[in-house]
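Enquirer: Below are the structure tokens for one structure; questions will follow.
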Amino acid sequence: MKPELLSDYDLITKKVSERGGKLQAGMPPEIWNAIHLKVISEEQNTPSQGSKTYEFNFGERPNSEFFIFYFRPFFGGKKADFQIDILPDSNAPANYTLTDESSQARKTYLQIPSSAIPADGRFFVKLSNLHSGTVKIQRNNGIHCSYASSNFQSNIMKAYFSHNIHLAVFILLGMACGTALTFATATFTSFSLFLISLSNAFFENIAKDMLFMYEPPTSTIIASKTIETLLWIAKGLQAPPVIENLAYHRLIENNILWGTWLPATIIYALIISLFGIYLFNKKELSILEV
């Protein structure tokens, strides 16, 4: 579970506004990039004797006795001391405090009692830098928490049923393409959509990065929207998000699998089925002559 963070764009807007500034239309890309670098750098760097507070939401207090807090610091020198406070609210006294000595760029895992977390699972972690120099913790993957909330049998059943549904959708797609197109074209089309669905996250990041400027040019907007359209066409073909969680013994969450992935997949399957039936009824079939 990663901390709840603002997107880079929202964070930049907030920081500029707090300092009495305003992002201007027609801002040159080099100015925007300089502001971006400055804001993200300040957000990731903690000065000596300073601290950063991160908000987490587990949804509920873990049933396990402990949960794991992870962070990976970068700093000058070989060793650095840190203080970790678990807070029920951003300004409340700590429910639990511990100190730890970490090495440069070391992945540090700390056990923390689950009893320090409120019953609703929402809490704050205050990480204080006791080192003599500045410490950097990467914003996207430098800090997270994890806890035991599942078992292998439950995960394997979810993976089995979801992948069977996913396979059935691809069979429907292949049959629809085979009805409308020649065999070679149908194979190419199905395989292309399959590859797009597998690379969905990669292309999504490309589309977002292309628009990550204050006023992107028209050509960039068109290219980004084209990628988004292709992703939308293959949206219902995405594989169920189970493999990584299954491999690392993490919970396959019901709300993501059955509440987000399954409805999109079922709707896509229905559309493909209706489209294939329509094409089949309209297609002229050869008559066998004896």
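Enquirer: When you go through N45, N95, N141 one by one, which is the residue that is over 26 Å from H249 (Cα atoms) and open to solvent by 60 Å² or more (accessible area, probe 1.4 Å)?
Expert: Just a single option satisfies the conditions, and that option is N95.
Enquirer: Has region 135-149 got any residue that is of a type in the set (D, E, K, R), in contact with a strand residue (DSSP E or B) (Cβ under 9 Å, 6 or more places away or on another chain) and not in a helix (DSSP H, G or I)?
Expert: Taking every residue of region 135-149 in turn, at least one turns out to be of a type in the set (D, E, K, R), in contact with a strand residue (DSSP E or B) (Cβ under 9 Å, 6 or more places away or on another chain) and not in a helix (DSSP H, G or I).
Enquirer: While we're on this one: Kindly indicate which of T265, T260, T220 is part of a helix (DSSP H, G or I), at pLDDT below 85 and open to solvent by less than 80 Å² (accessible area, probe 1.4 Å).
Expert: T220
Enquirer: Please work out which residue is nearest to I267 (Cα to Cα), limiting yourself to region 155-209 and to residues that are among the hydroxyl-bearing types (S, T, Y) and open to solvent by 70 Å² or more (accessible area, probe 1.4 Å).
Expert: The residue in question is Y160.
Enquirer: Okay, next question. When region 74-108 is examined, which residues are found to be under 22 Å from N141 (Cβ atoms) and aromatic (F, W, Y)?
Expert: F74, F75, F82
Enquirer: Out of the residues in region 70-89 that are part of a loop (DSSP other than H, G, I, E, B) and closer than 10 Å to H131 by Cα, which is farthest from the chain's Cα centre (by Cα)?
Expert: Within region 70-89, the match that is farthest from the chain's Cα centre (by Cα) is G77.
Enquirer: Being part of a helix (DSSP H, G or I) and either polar (S, T, N, Q) or on the phi > 0 side of the Ramachandran plot (or both) is the filter here, so list the residues in region 177-205 that pass it.
Expert: T179, T185, T187, T189, S190, S192, S197, N200, N205 - these are the residues of region 177-205 that are part of a helix (DSSP H, G or I) and either polar (S, T, N, Q) or on the phi > 0 side of the Ramachandran plot (or both).
Enquirer: Please go through region 21-69 and give me each residue that is part of a helix (DSSP H, G or I), farther than 25 Å from P3 by Cα and either touching a residue at least 12 places away in the same chain (Cβ under 8 Å) or of a type in the set (D, E, K, R) (or both), ordered by number.
Expert: Within region 21-69, P29, E30, W32 qualify.
Enquirer: If the Cβ limit is 7 Å and pairs must be 6+ apart or interchain, which residue in region 189-213 that is within 13 Å of A234 (Cβ to Cβ) pairs with which residue that is open to solvent by 60 Å² or more (accessible area, probe 1.4 Å) and at pLDDT 70 or above?
Expert: Going by the 7 Å Cβ cut-off, the qualifying pairs are T189/L181; I196/L230.
Enquirer: Of all residues in region 6-23, which are hydrophobic (A, V, I, L, M, F, W, C) and open to solvent by 70 Å² or more (accessible area, probe 1.4 Å)?
Expert: Selection gives L6 alone.
Enquirer: Does at least one position in region 122-140 carry a residue that is farther than 27 Å from L37 by Cα and touching a helix residue (DSSP H, G or I) at 6+ places or on another chain (Cβ under 8 Å)?
Expert: Among the residues of region 122-140, at least one is farther than 27 Å from L37 by Cα and touching a helix residue (DSSP H, G or I) at 6+ places or on another chain (Cβ under 8 Å), which makes the answer yes.
Enquirer: Quickly run through region 223-257 and pick out the residues that are over 17 Å from N155 (Cα atoms), open to solvent by 80 Å² or more (accessible area, probe 1.4 Å) and not basic (K, R).
Expert: L230, W232
To keep it simple, each residue is scored yes or no on (1) loosely packed, with under 12 Cβ neighbours inside 10 Å; (2) at pLDDT below 90; (3) touching a helix residue (DSSP H, G or I) at 6+ places or on another chain (Cβ under 8 Å).
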| residue | (1), (2), (3) |
| --- | --- |
| E4 | yes, yes, no |
| A25 | yes, yes, no |
| I31 | no, yes, no |
| K38 | no, yes, no |
| F56 | no, no, no |
| E60 | no, yes, no |
| Q83 | no, no, no |
| T99 | yes, no, no |
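The values are calculated or read from the model by the stated rules, or taken from the named source; none is laboratory data. Owing to the predicted nature of the structure, the values given are computational and were not obtained by experimental measurement. No Cβ is skipped: glycine too gets one built from the backbone with ideal geometry, and neighbour counts run over all protein chains shown. These accessible areas exclude ligands, DNA and RNA; they are computed on the full protein's heavy atoms, side chains included. Shrake-Rupley method; radii C 1.70, N 1.55, O 1.52, S 1.80 Å.
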